[in-house]
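These notes are about the structure you will find just below.
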Amino acid sequence: MQKLLRKGRKGARIVYVPGNHDEFLRNYYGTHFGGVEVAETAIHETADGKRYLVIHGDIFDMVVRHARWLAFLGDWAYETALVVNTYVSYVRRKLGLSYWSLSAWAKLKVKNAVNFIGQFEASLSQEAKKHEVDGVICGHIHHAAMHDMNGVAYVNCGDWVESCTAIAEHDDGRLELIRWGERQISPIVDFEAKRAEGVHAAA
């Protein structure tokens, strides 16, 4: 936090986009706290001129929006999984094994969860098209990913707790998914090349 605030004091624009775990901050849209702007969404332009809609994404989760009790139950289950995962990670470190997420593994093993991820990605991609941008950068579902979706770039940063992932932008505007748990950087996704391949394959 100190590093981020220091960047803000030096002129960097810092935008905080609240989600379902910090909903109280949604009452402060348009407010600045120590150089940090609170906003519902933002448009980020990369160094190569691409424009991305930045949004948390929980408003596209029907459970969070319409079944609050189920959302709270899921939140409790998630928090419990994180506590259990702390002990699992401790044992794995002692055994010299790499980081592994219990909750991420459980979610990907459930067919409905996999279907939900697909629907979520499609919804966010449609929202990007409505804003007439090149892609969307989101979070919420804790599943890091970078790929082309319906003609726009879908970028999910995952999170810093469960999947230990983040999105970084290079000086030339390329976006890269960093997976800290694996101590490696995922290959850069060239969205333009992927689209060109899709058009070529369709032809």
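Where a number appears in this text, it was derived from the coordinates with a stated rule and is not lab data. Keep in mind it's a predicted model, so treat the numbers as computed, not measured. Backbone-built Cβ (ideal geometry, glycine too); neighbour counts: all protein chains shown.
Some values worked out for this structure:
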| quantity | calculated |
| --- | --- |
| For the stretch 149-166, 3J(HN,Hα) per residue [Karplus equation, 6.51 cos²θ - 1.76 cosθ + 1.60, θ = phi - 60°, Hz, x = Gly/Pro] | 9, 6, x, 10, 7, 9, 10, 10, 6, x, 7, 8, 9, 8, 8, 6, 10, 7 |
| FRET efficiency, residue 47 to residue 21 (Cβ-Cβ, R0 30 Å, nearest 0.05) | 0.45 |
| 20 Å cut-off, amide nitrogen to a point 7 angstrom out along residue 1 Cα→Cβ, residues in the stretch 155-181 | 159-162 |
| Ranking of 132, 121, 169, 45 by count of other Cβ atoms within 10 Å, fewest first | 132, 45, 169, 121 |
